[in-house]
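Here the structure comes first, spelled out in structure tokens, and everything after it is commentary.
The values are calculated or read from the model by the stated rules, or taken from the named source; none is laboratory data. Bear in mind the structure is a predicted one, so any value in this text is a computation, not a measurement. Note that each Cβ is placed from the backbone with ideal geometry, even for glycine, and that neighbours are counted across all protein chains shown.
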Amino acid sequence: MDELTRITRDPAVMGGKPCIRGLRVTVGMIVGQIAAGRTIDQILADYPYIQREDVIDALRYAAWRAEEREIDLTTGR
């Protein structure tokens, strides 16, 4: 998704996992905290160097990835 400019992937940062603006905060960490019941404000307090828009983009990225379709190329269909 081109409009998710706050999500970066760099093999040198967190093993190439999707991160917030090249920081060592992964999309998975943010989504996991939301799933655990933490609010955006609580996450922002824990990570004062990220912004609300970073959290929103992390959630949008996770939703986009969850909608991806896998196609088995070995079946010839």
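Among the residues of region 8-44, those identified as part of a loop (DSSP other than H, G, I, E, B) and on the phi > 0 side of the Ramachandran plot are Arg21, Gly22, Gly37. Taken together, the residues in region 3-18 that are loosely packed, with under 10 Cβ neighbours inside 10 Å and hydrophobic (A, V, I, L, M, F, W, C) amount to 1. The set of residues from region 41-63 being exposed (fewer than 14 other Cβ atoms within 10 Å of the Cβ) and under 10 Å from Ile7 (Cα atoms) is empty.
If you go through region 20-29 one residue at a time, do you hit one that is among the charged types (D, E, K, R) and modelled with pLDDT of 95 or more?
Within region 20-29 (the criterion being among the charged types (D, E, K, R) and modelled with pLDDT of 95 or more), the answer is yes, since at least one residue qualifies.
Here Leu59 passes the criteria (1) free of Cβ contacts under 8 Å to residues at least 24 places away in the same chain; (2) assigned to a helix (DSSP H, G or I) except the one numbered (1).
Please determine, by comparing only the residues of region 25-40 that are surrounded by 11 or more Cβ atoms within 10 Å (Cβ to Cβ) and farther than 22 Å from Glu67 by Cα, which one is nearest to the chain's Cα centre (by Cα). Result: Val25. Restricting attention to region 1-24, the residues that are among the aliphatic types (A, V, I, L, M), closer than 22 Å to Ala66 by Cβ and without any contact (Cβ under 8 Å) to a residue 40 or more places away in the chain total 2.
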